[in-house]
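J.: Provided herewith is a single structure, encoded as structure tokens, for subsequent inquiry.
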Ligand code: IPE
Ligand code: IPE
Ligand code: MG
């Protein structure tokens with residue numbers, strides 16, 4: 001990691017896809033209508049990311065806290081995710097997009113887990129871009145899982161406590177091979193992380209837009225990338241721009 005002015009495309013873009021409910025409310029429709037509409041944006045952003053040379057696109061689809069929503073809404077969300085994964089897998093294979101799910105698979109409907117595993121298997125060799133679907137995910141969950149993994153390794157005598165450094169911790173995370181997040185985009189005007197990637201966003205550039213997720217379009221995504229290109233990333237070192 002070096003201090004450099006970033007004028008390039010972010011390697012890892014993470015998106016908090018927010019505002020589906022408010023979008024639906026504006027149309028006087030049920031919240032789930034907004035989730036349905038948001039699927040089209042997912043498709044567009046995925047295609048665009050691959051075209052623009054993004055290596056990893058992480059999409060926050062369902063947080064561990066989202067179980068607090070009404071049972072009906074959760075059910076619809078699970079169903080829509082299954083449908084989206086099943087429908088998009090062919091396009092992902094065609095476009096060379098590797099699909100990976102990040103999150104706790106326990107507690108998810110069996111059919112959804114099956115669709116996830118199928119998409120992961122079919123796209124395993126794809127190399128153009130990776131799409132990481134964060135589902136039943138939270139940053140604190142991931143950190144806790146990592147702590148457990150390390151503790152088990154210590155217990156087995158495979159790891160010395162003293163050798164647990166940032167590198168060892170990073171390597172024990174769920175999906176440890178992803179690069180750090182370069183750019184976080186959040187739609188809908190909320191300016192918080194809502195327990196998305198925590199470790200991974202330690203040095204991410206943050207971009208917030210008022211656009212609601214179903215309205216988020218090519219121009220919004222390009223704008224986020226354009227703003228990113230103007231940011232100077234210093235990583236604690238001194239400026240190179242003088
Ligand atoms: C994002 O839209 C989708 C999920 C969190 C699953 P919301 O459903 O949070 O939409 P708002 O924030 O209520 O508008
Ligand atoms: C964050 O959005 C989670 C996802 C987009 C999946 P929320 O709408 O759940 O976040 P809060 O509750 O406003 O923080
Ligand atoms: Mg929301």
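J.: Name the residue, out of 119, 110, that is at pLDDT 95 or above, in contact with a strand residue (DSSP E or B) (Cβ under 6 Å, 6 or more places away or on another chain) and farther than 24 Å from residue 146 by Cα.
T.: 119 is the lone residue from the list that is at pLDDT 95 or above, in contact with a strand residue (DSSP E or B) (Cβ under 6 Å, 6 or more places away or on another chain) and farther than 24 Å from residue 146 by Cα.
A quick yes/no check of all residues on (1) farther than 20 Å from residue 196 by Cα; (2) crowded, with 17+ Cβ neighbours inside 10 Å:
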| site | (1), (2) |
| --- | --- |
| 129 | yes, yes |
| 135 | no, yes |
| 138 | no, yes |
| 155 | yes, no |
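J.: Say whether the condition of being buried (at least 17 other Cβ atoms within 10 Å of the Cβ), within 16 Å of ligand 2 (Cβ to nearest atom) and modelled with pLDDT of 95 or more is met by at least one residue in region 163-181.
T.: Yes, because at least one residue in region 163-181 is buried (at least 17 other Cβ atoms within 10 Å of the Cβ), within 16 Å of ligand 2 (Cβ to nearest atom) and modelled with pLDDT of 95 or more.
J.: May I pose another question? Given region 119-208, what strands (runs of 3 or more DSSP E) lie entirely inside it while holding 3 or more residues that are touching a residue at least 24 places away in the same chain (Cβ under 8 Å) and more than 23 Å from residue 229 (Cα to Cα)?
T.: Details: elements: 129-137, 183-186, 205-208.
Filter on region 119-208 gives 129-137.
J.: Is it the case that some residue within region 195-211 is more than 14 Å from residue 13 (Cα to Cα) and touching a strand residue (DSSP E or B) at 6+ places or on another chain (Cβ under 9 Å)?
T.: Scanning region 195-211 turns up at least one residue that is more than 14 Å from residue 13 (Cα to Cα) and touching a strand residue (DSSP E or B) at 6+ places or on another chain (Cβ under 9 Å).
J.: Hey, among the residues in region 106-121 that are under 21 Å from residue 177 (Cβ atoms) and in contact with a helix residue (DSSP H, G or I) (Cβ under 7 Å, 6 or more places away or on another chain), which one's surrounded by the fewest Cβ atoms within 10 Å (Cβ to Cβ)?
T.: So, considering only residues that are under 21 Å from residue 177 (Cβ atoms) and in contact with a helix residue (DSSP H, G or I) (Cβ under 7 Å, 6 or more places away or on another chain), the one surrounded by the fewest Cβ atoms within 10 Å (Cβ to Cβ) is 116.
J.: Given the conditions (1) closer than 20 Å to residue 11 by Cα; (2) within 16 Å of ligand 1 (Cβ to nearest atom); (3) part of a loop (DSSP other than H, G, I, E, B), and given that residue 220 satisfies all but one, which numbered condition is not satisfied?
T.: (3)
The values are calculated or read from the model by the stated rules, or taken from the named source; none is laboratory data. Please read all numbers here as calculations on a predicted model, not as lab measurements. Cβ coordinates were reconstructed from backbone atoms using ideal geometry, including for glycine residues, and neighbour counts include every protein chain displayed.
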